[in-house]
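The structure appears below as structure tokens.
The values are calculated or read from the model by the stated rules, or taken from the named source; none is laboratory data. The shown structure was predicted, so the numbers you read here are calculated from the model rather than taken from an experiment. When we count neighbours, we look across all protein chains shown, and the Cβ atoms used for this are built from the backbone with ideal geometry, even at glycine.
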């Protein structure tokens, strides 16, 4: 009975730990009419705390659809990818029921020119020119995801999908001084700089290795208890 109680306690703790904060995988696809069959794809991870309803550690890789050839294997082919590691924005949209979370290449948000107004990075602003134009280009980039705070894995509504966005102002992600971007008219008043726009986002939970270990330990003890009972 004592071992059974310990096993139950371990499984209960593992379940509580998993429910408190979870790691998730996220994949986004932006249709790029001018670089087909290559599209812009963001693949990343983040942590979501269901108690505080906050997202942390969003990071991942953004493909550059103007690079590579179609000789590789789709959907990534042999496109170059840039790593975005700085989550610098998380905005709650109560109407949509979730968080708009943005991760950047650089450790600051300076992405677009502010010549036409704007904050220098928000989707649909700055005419798409790089930050500091016509001076030196800091070469920033970002991807914005949407996280449903009730259920991060829930399929997106069209209104939520319309709020996804990316921008790439690195040398391989530009047309002259104009950054590559992906937005919708419904979400930001403009389509991407080369006609690109978001077509999908999927999020899937990834249990932490520590949680797996706790579950295995708990089930292992249950197995020992079962074998002892069967031997009686």
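Give the residue that is nearest to residue 57 (Cα to Cα), with candidates limited to residues of the range 123-146 that are in contact with a helix residue (DSSP H, G or I) (Cβ under 8 Å, 6 or more places away or on another chain), at pLDDT 95 or above and surrounded by fewer than 23 Cβ atoms within 10 Å (Cβ to Cβ).
139
Taking the condition at pLDDT below 90 and surrounded by fewer than 19 Cβ atoms within 10 Å (Cβ to Cβ), does residue 223 pass? Working first, answer last.
Numbers: at pLDDT below 90: yes; surrounded by fewer than 19 Cβ atoms within 10 Å (Cβ to Cβ): yes.
So residue 223 fits the description; yes.
Scanning for something without any contact (Cβ under 8 Å) to a residue 24 or more places away in the chain and under 17 Å from residue 142 (Cβ atoms), does the range 64-78 turn up at least one residue?
Taking the range 64-78 as the starting set, the residues that turn out to be without any contact (Cβ under 8 Å) to a residue 24 or more places away in the chain are 69, 71-73, 78.
Keeping just the survivors that are under 17 Å from residue 142 (Cβ atoms) gives none.
The answer is no; no qualifying residue exists.
Mind listing whichever residues of the range 143-157 are in a strand (DSSP E or B) and free of Cβ contacts under 8 Å to residues at least 60 places away in the same chain? Break it down into steps so the answer makes sense when it comes.
Filtering the range 143-157 for residues in a strand (DSSP E or B) gives 143-148.
Residues satisfying the conditions are 144, 146, 148.
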